[in-house]
Every structure is written in structure tokens, then in C-alpha cells.
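Read through the structure below, which is laid out as C-alpha cells, and then see the notes.
The values are calculated or read from the model by the stated rules, or taken from the named source; none is laboratory data. All of these numbers come straight from a predicted model, not from anything done at the bench. Cβ atoms come from the backbone with ideal geometry, glycine included; neighbour counts cover every protein chain shown. Surface areas here come from the heavy atoms of the whole protein model, side chains and all, with no ligands, DNA or RNA. Shrake-Rupley method; radii C 1.70, N 1.55, O 1.52, S 1.80 Å.
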Amino acid sequence: MSEETTKKRPHDVPTPAAFAELMKSGWIPTPLEGLKPTPPLKYCVTRREALSKAFPGVRLIIPAGNYKVRSNDSDYAYRPHSAFAYYTGVQGVEATADSVLVMQPNSSGHDAILYIHPRSTRDTDAFFRDAKYGELWVGRRFTLAEAKDRYQIETRRVIDLKDLLGDGTTTIAIHEQDAEIDKLVTKHDRDAELLTFVSEARLIKDQYEIDELQAACDASELGFQEIVKAMPAAVAHPRGERVIEAAFFTKARTEGNDVGYTTIAAGGAHACVLHWIRNDGAIKDGELVLVDAGVEMDSFYTADITRTLPVSGKFSPAQRALYMLVYEAQLAGFAAVKPGATFRSVNIAAQRVLAQGLFDMGVLPCSVEESMGPDMGLHRRWTLHGVSHMLGMDVHDCQHARQEAYLDGVLAEGMVLTVEPGLYIQPDDELFPAEYRGIGIRIEDDVVVTKDGCRNLSEALPRHPDEVEAWMAKHAQ
Ligand code: GLY
Ligand code: MN
Ligand code: MN
């Protein structure tokens, strides 16, 4: 690694030669001792074999992606593209911007080659001058040899990638992640095929992925405990939703890599705004707070969990009545998850319970069957969203899978999905009795499809209102 990554900035001044010389000398060698292969290594090998088989003779380019600018010269914390992490096994903070995985065709399949910015060693200017990549500024990266030990594949400098290209080999790539790749690699008709393949490959999770998703759920449970502990502080602060968001974030950063998506902390009627991420409202005694949050582990697998908690620790009768309806809908959703069932059947099972409940309350202006028909869906005024999506490294995982493999597809053992029914009564909804207005409830869990049903990875967090109340009392300070 060297000066190549050292970009000139307006305030840069030339480095006096004597200073540069002093900086580059007098350092004790510091090789990394005891570096272990990445934990998912054997799975990465299998995943790359499947990828190789799907694209014989074609060069594949999977970039980790560049830094993303937050403002001016401040970037967001770096997070690699999920497909890159899936095929290389990079973990947490060791992922570095601009890396590229190349699957280079050979006579029997592909060679995997990892292109990286290697360590800015002490003999370079970059280590002390480069604020984006230099070791004195942002910490140490792997040398080429260390990265090879860690990922067990050939490693090269990313600045040498252009030497590989241009030999006429058909090359397809994931684009719009890395500006340099977009410049070097012309778009190809088959690019979309690659994106689809790497998305569908993640539909069925291997054991490593399931274990990591379990760990993400367990860490998230700790985050929800922190929320209960912080409830009095949240009530006392005018922006109590931020107190709740921050309480969860503490566990996301200490137990995991980060949150897997922006936390929704929605007090009272804010719960009726589906993506309430402003989180600047108050938390009031007597109201509910809906929290949708998940810890992302260093492996980049994330939980996606929602609990709707009574701020006082006890549900009111109206809150409990609506909550029980969502609870029953979720049970129907869980029961629908099994191998061979269609993905859509989970949504239908949960929505039917919600529609029936709305009918029984006298608010649904048609029969349940009519409402469940494709041309009506009147219950959706209060249910607003589907109840499931795939979960993995991305909170909405496998997003580029073909419709027939996912939305119109069939569940199979090893898939991980959410079951997350909700009911949202807007504060100005005159179709509902006043006592229910402004109540929004969602219960969201993460399940893995098993041989004959499903297992709830987030079951450590209670869902039944009695159990929620007991759990809150236990963790309140
Ligand atoms: N947290 C986003 C979702 O539940 O889909
Ligand atoms: Mn979800
Ligand atoms: Mn969610």
C-alpha cells in the first residue's frame, strides 16, 4: 500500500523530505501473530464453488464497495456489500473499502482472487499522511500475506486489478458499488444474472448463517433489556424516543458490529408511521412504544425484531385487545411457515386473522372473505404491510431474487424470514372508536424454516402481553 491512495486535499502541505525520512524509519516490525482463518471459511469455499459452477468461463467481479460520503470529507462507517462478505468471509471492522473479489475462470472452474488495499507499511508516506486509509489515521489493515492467511485465497493489490482486465474474457460484475470498477468494467447484459444469483444463493442459509442469526437475535434481546432499563429516563426526556434508540445502540455496538438498520423508536401515535426513524418524540406513561431494532453481528448477519411495550409496564384494556389480535395473527403466521408452503401463505394466514378481528370489531366494511380477495384488501387500511421478508446479512435479504424464487416461491428448510403482523389505528381515524385511535402495534420475530415447521430465533423475547409485563418488571430498574 502506498501513495496511490493519498489524495491531495486543499490543506495538504508538502512533506519535508527530512520529516518523511524520519517517519519512515526506526520502527520495530509488527507482524500479526496468531491470525486465524475467517470463521465461515469452509462455507465460503462451498459458496464460491456453487458460484463458479453457475458461470463457467466467465470472469465475475464482486466489489466490496467504496466509502460512502456523509458530508464533505466525512464518510459513514464502512460496511461492505453483502455479496462480497458472503463469498469472502470478511468480518466487521476488518472489511476495508475498495476491496474486490474476482472469480477468474481457469480450465476447471475459477480461481478466487482478493484484491485489497494492503497495509500501509511504515516505509510508505500513506501510513502517516493518508487520512482515509493510512495506518496512523484509521488503523492497521492486513498485508497481502496476512489477508491470504485470513481468507485462504490469493491476494493482490487493488491497484493491480486493471492488469487482469482487457484480455477479452467475458466479464460480468456487480455495478454501482465501486466507481473504479464501473470505470474499468463495461456493463454487460449478464450483470443482472450475477446479482440475481448472489441474491438467490442466500435464500437458504447454511449452519454458520443460522448460528449468526441466532447470535444477532440474542444480542438484540439484550438491547431490548436495555430499553426497559432506560424507560424512566426516556419518560423524563422530551426526546425520549432517542433515549430508547440510544439504549439499544449501546448493545448493537458492544455485542455486534452495528444496528442492521435504523432503529424505529415510536412512542404513542408515532407507531402508526411505519418507518418512524426521526425518533424525536416523547415517551409518555400510559402509551405504548413500538421499537423495531436489530443488532448486526461482526459477520454482518442482522436480527429484525419489533416489540410494542407499555411504557408504564402494564397494557390498558384497549391496548391489550388490539395487541392480542396482532398476537393471534402472528401465531397464525408461525403456523403457516413450513417447507413446501408458499411464501405468500404466511401473509395470507396472518392477514386473515387481522381481517377477522377488524370485522368482529365492526370496522371492516365488508366480509372477511371479500376483504381477503385480490381486488378488495380493505383490512389493509389498518394492517398496512406484508408480514414477511427474508432476513440475513441484509434486513430485507435476497432482494434481487426472481419473483418465482421468492415472492411467488415456496418455503424450504433453512430459509430465515420475519413474521411481523401489525395493526395501526391512525390518531384521526374516525372509523375506529376513540379509545383505539393512535395505537400502533407490531410484533416481529425471526424464524428459521425447519424440517416440519419453523423455529423462532427471537423467542427469548416474550410476546404474550402477560409475559411482556413480567419481563418488563424483571428488567426495570
Ligand atoms: N425493520 C424493517 C422491517 O421490519 O422490515
Ligand atoms: Mn422486518
Ligand atoms: Mn423490523
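Conditions tested, residue by residue: (1) surrounded by fewer than 16 Cβ atoms within 10 Å (Cβ to Cβ); (2) within 21 Å of residue 79 (Cα to Cα); (3) within 30 Å of the chain's Cα centre (by Cα).
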{"site": "126", "(1), (2), (3)": "no, no, no"}
{"site": "131", "(1), (2), (3)": "yes, yes, yes"}
{"site": "137", "(1), (2), (3)": "yes, yes, yes"}
{"site": "154", "(1), (2), (3)": "yes, no, yes"}
{"site": "160", "(1), (2), (3)": "yes, no, no"}
{"site": "168", "(1), (2), (3)": "yes, no, no"}
{"site": "175", "(1), (2), (3)": "no, yes, yes"}
{"site": "192", "(1), (2), (3)": "yes, no, yes"}
{"site": "199", "(1), (2), (3)": "no, yes, yes"}
Notebook entry, point to check: If the Cβ limit is 9 Å and pairs must be 6+ apart or interchain, which residue in the range 351-379 that is among the β-branched types (Val, Ile, Thr) pairs with which residue that is open to solvent by 40 Å² or more (accessible area, probe 1.4 Å)?
Noted result: 353/328; 353/331; 363/381; 363/431; 363/433; 368/352; 368/356; 368/359
Margin query: Residues that are part of a loop (DSSP other than H, G, I, E, B), touching a Gly at 6+ places or on another chain (Cβ under 6 Å) and at pLDDT 95 or above: does the range 30-40 have at least one?
Written below: yes
Check: Of the numbered conditions (1) open to solvent by less than 10 Å² (accessible area, probe 1.4 Å); (2) of a type outside the set (Phe, Trp, Tyr); (3) away from ligand 3 (no atom under 16 Å from the Cβ), residue 457 satisfies every one except a single condition; which is it?
Finding: (3)
Margin query: If I go through the range 297-323 residue by residue, how many of them are open to solvent by less than 10 Å² (accessible area, probe 1.4 Å) and either within 16 Å of ligand 3 (Cβ to nearest atom) or part of a loop (DSSP other than H, G, I, E, B) (or both)?
Written below: 11
Checklist line | Pairs where the first residue, in the range 52-64, is of a type in the set (D, E, K, R) and the second is open to solvent by 10 Å² or more (accessible area, probe 1.4 Å) and assigned to a loop (DSSP other than H, G, I, E, B), C-beta under 7 Å, 6+ apart | finding: 59/169; 59/170
Margin query: Going residue by residue through the range 202-222, is there one that turns out to be in contact with a His (Cβ under 7 Å, 6 or more places away or on another chain) and open to solvent by less than 30 Å² (accessible area, probe 1.4 Å)?
Written below: no
Note to self: Quick check on residue 282: is it of a type in the set (A, V, I, L, M), at pLDDT 95 or above and within 16 Å of ligand 1 (Cβ to nearest atom)?
What the structure shows: no
Notebook entry, point to check: What do you reckon, is residue 70 more than 18 Å from residue 119 (Cα to Cα), without any contact (Cβ under 8 Å) to a residue 12 or more places away in the chain and basic (Lys, Arg)?
Noted result: yes
Notebook entry, point to check: Within the range 96-124, which residues are touching a residue at least 60 places away in the same chain (Cβ under 8 Å) and within 23 Å of residue 46 (Cβ to Cβ)?
Noted result: 100, 102, 104, 105, 109, 110, 112
Margin query: With the requirement that a residue be away from ligand 2 (no atom under 16 Å from the Cβ) and open to solvent by less than 20 Å² (accessible area, probe 1.4 Å), what does the range 225-251 give you?
Written below: 227, 228, 230, 231, 234, 240, 241, 244, 247
Notebook entry, point to check: What are the residues in the range 324-333 that are open to solvent by 10 Å² or more (accessible area, probe 1.4 Å) and either hydroxyl-bearing (Ser, Thr, Tyr) or within 16 Å of ligand 3 (Cβ to nearest atom) (or both), if any?
Noted result: 327
Next item on the list: Among what's in the range 230-286 and is assigned to a loop (DSSP other than H, G, I, E, B) and among the charged types (D, E, K, R), pick the residue that is nearest to residue 216 (Cα to Cα).
Entry: 278
Margin query: Please determine whether any residue of the range 362-384 is surrounded by fewer than 19 Cβ atoms within 10 Å (Cβ to Cβ) and within 26 Å of residue 302 (Cβ to Cβ).
Written below: yes
Notebook entry, point to check: Which of the following residues is more than 16 Å from ligand 2 (Cβ to nearest atom) and either open to solvent by 50 Å² or more (accessible area, probe 1.4 Å) or more than 30 Å from residue 163 (Cβ to Cβ) (or both): 260, 286?
Noted result: 286
Check: Mind checking whether some residue in the range 370-377 is part of a loop (DSSP other than H, G, I, E, B), over 30 Å from residue 208 (Cβ atoms) and among the aliphatic types (A, V, I, L, M)?
Finding: yes
Next item on the list: Output the qualifying pairs, or none if there are none: Cβ atoms under 8 angstrom, residues six or more apart or on different chains, first residue in the range 398-426 and on the phi > 0 side of the Ramachandran plot, second residue among the β-branched types (Val, Ile, Thr).
Entry: 414/204; 414/210; 414/448; 414/449
Notebook entry, point to check: Which of the residues belonging to the range 330-346 are in contact with a Lys or Arg (Cβ under 8 Å, 6 or more places away or on another chain) and outside any loop (DSSP other than H, G, I, E, B)?
Noted result: 330, 332
Next item on the list: Consider only pairs whose beta carbons are under 7 Å apart and that are at least six residues apart or on different chains; among these, list those whose first residue lies in the range 173-195 and is farther than 18 Å from residue 80 by Cβ and whose second residue is of a type in the set (Lys, Arg).
Entry: 184/162
Notebook entry, point to check: Any idea which of (1) of a type outside the set (Lys, Arg); (2) out of contact with any His (no Cβ under 9 Å at 6 or more places or on another chain); (3) surrounded by 14 or more Cβ atoms within 10 Å (Cβ to Cβ) is the one residue 412 doesn't satisfy?
Noted result: (3)
Notebook entry, point to check: Which fully enclosed strands (runs of 3 or more DSSP E) of the range 384-475 have 2 or more residues being closer than 27 Å to residue 312 by Cα and within 16 Å of ligand 2 (Cβ to nearest atom)?
Noted result: 422-424, 440-442, 445-449
Note to self: So, in the range 47-90, how many residues would count as being of a type in the set (A, V, I, L, M), crowded, with 21+ Cβ neighbours inside 10 Å and in contact with a strand residue (DSSP E or B) (Cβ under 8 Å, 6 or more places away or on another chain)?
What the structure shows: 6
